[in-house]
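What follows is a structure written as structure tokens; I'll ask about it next.
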Amino acid sequence: MRVYVPLTLPGLAAAYQAGELGAGPLVAYAVTPALREWYRSDDLEELEYAALNQAALASLRLLAADGAAARRRVVVAVDVPDGAASGGADAAEPGEVRVTGPVPLARAAAVHVDADDAGPDVTAAAGALAAADAGDDGARSTVEAAEDHELLWFATQEIANLVAVGERF
């Protein structure tokens, strides 16, 4: 099963050093029945893209909580064994799952990260997230401006370079 794990660049650096995303349970996003119902599509690529975007929003939440992290959303696409991820009625977002057990970085299929030009919009969105959650339309527009930036795809062999870039910010 493919899951999308939200991180920050410092979180990716820690995972790279440890060789794993964490011991679990980890919050991730995947194509679940709740996501299928929310997104209303049978196209698996569209559903996986929706799960990736949910993880990108969760990464933005991590950035909002960590003012020192480089302002780049990070999502790691990971293949986990069927049954390692479970969702349920207690999930806060459509597609949210919990991954149990350790998640070796070697299981990563790809890493998705914002381009440099997304930085100002991601910075503004991280600052506006609480107001957007409270219903402020202007703040929602600010968050949507960050969501308009497509995350770039990186091979897992490029993680060391991504970590080095994150250290410069």
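Do any residues in segment 96-121 that are touching a residue at least 12 places away in the same chain (Cβ under 8 Å) and over 12 Å from residue 6 (Cβ atoms) have Cβ atoms under 9 Å from those of residues that are part of a helix (DSSP H, G or I) and acidic (Asp, Glu), where the two are at least six apart or on different chains, and which pairs are they?
114/121; 121/147
For segment 1-19, give me each residue that is under 13 Å from residue 79 (Cα atoms) and either surrounded by fewer than 17 Cβ atoms within 10 Å (Cβ to Cβ) or among the hydroxyl-bearing types (Ser, Thr, Tyr) (or both). Explain how you work it out, then say what you get.
Within segment 1-19, the subset under 13 Å from residue 79 (Cα atoms) is 1-5.
Hits for segment 1-19 are 1, 4.
Does segment 129-150 contain any residue that is surrounded by 15 or more Cβ atoms within 10 Å (Cβ to Cβ), modelled with pLDDT of 95 or more, more than 18 Å from residue 16 (Cβ to Cβ) and basic (Lys, Arg)?
So far as segment 129-150 goes, yes, one or more of its residues are surrounded by 15 or more Cβ atoms within 10 Å (Cβ to Cβ), modelled with pLDDT of 95 or more, more than 18 Å from residue 16 (Cβ to Cβ) and basic (Lys, Arg).
Looking at (1) surrounded by fewer than 16 Cβ atoms within 10 Å (Cβ to Cβ); (2) touching a helix residue (DSSP H, G or I) at 6+ places or on another chain (Cβ under 9 Å), find the lone condition where residue 157 falls short.
Just one mismatch for residue 157, condition (2).
If we scan segment 52-65, do we find a residue that is assigned to a helix (DSSP H, G or I), out of contact with any helix residue (DSSP H, G or I) (no Cβ under 8 Å at 6 or more places or on another chain), of a type in the set (Ser, Thr, Tyr) and crowded, with 20+ Cβ neighbours inside 10 Å?
The answer is yes; a qualifying residue exists.
Only residues that are of a type in the set (Gly, Ala, Ser) and more than 16 Å from the chain's Cα centre (by Cα): list them for segment 67-87, please.
Initially, segment 67-87 is screened for residues of a type in the set (Gly, Ala, Ser), giving 67-70, 77, 83-87.
Those that are of a type in the set (Gly, Ala, Ser) and more than 16 Å from the chain's Cα centre (by Cα): 67, 68, 83, 84, 86, 87.
The values are calculated or read from the model by the stated rules, or taken from the named source; none is laboratory data. Here the structure is a predicted model, which means the values were calculated and not measured. Cβ atoms come from the backbone with ideal geometry, glycine included; neighbour counts cover every protein chain shown.
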